[in-house]
Each structure stands twice: as structure tokens, then as C-alpha cells.
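Taking it in order: structure first as C-alpha cells, then the write-up.
Read the figures in this text as sums done on the coordinates, not as results from a lab. Since we're looking at a predicted model, the values are computed, not measured.
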Amino acid sequence: MTDHAQRLDTLEARIAYQDQTIEELNATITAQWRQIDLLTRKLDQMEQQVRSGVHIADPATERPPPHY
């Protein structure tokens, strides 16, 4: 195999690896944007509830009344 052919093979392999990495990064970014969008909508909803005076119960911090 000539030096040029070997260099070409090396470059082709590198490009294939980079294409795969770009696709994986794109999928990760897309998933993150979906999560960010969901969290933004939930935050907006919670802000509206707080502004309207609706009580938001948090089961982790809520305790039953003393008579239980």
C-alpha cells in the first residue's frame, strides 16, 4: 500500500469516526433541549400557580396533622 493510500484510509476512518461522534452529540443535545423545554414549561406552570395563590403540596415536606 502506498503512503498516499494509507494516508487516505486513515483520513477516511477519522471522518467516519467524527461523523459518528457528531451524530451522538446531536442526539444528546436534542434530548437535552427536550428536557429543558419540559422543565421550562413546568417552571412556568408552577410560577402561575404561585401567583394565583394555589398551594402546592410537597409530599416530602408535608407532615400529617398532630392528631394522626
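Quick look at the values:
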quantity: Stretch gain in nm, segment Thr28-Ala13, where the contour uses 0.36 nm per residue and the Cα spacing is subtracted; calculated: 3.1 nm
quantity: Structure-derived log10 I(q)/I(0) by the Debye sum over Cα atoms at q = 0.21 Å⁻¹: which label, when the choices are [x] -1.03; [y] -0.94; [z] -0.82; calculated: [y]
quantity: Residue among Asp37, Asp58, Asp19 with the largest mean-square fluctuation in a Gaussian network model of the chain, springs linking Cα atoms under 10 Å; calculated: Asp58
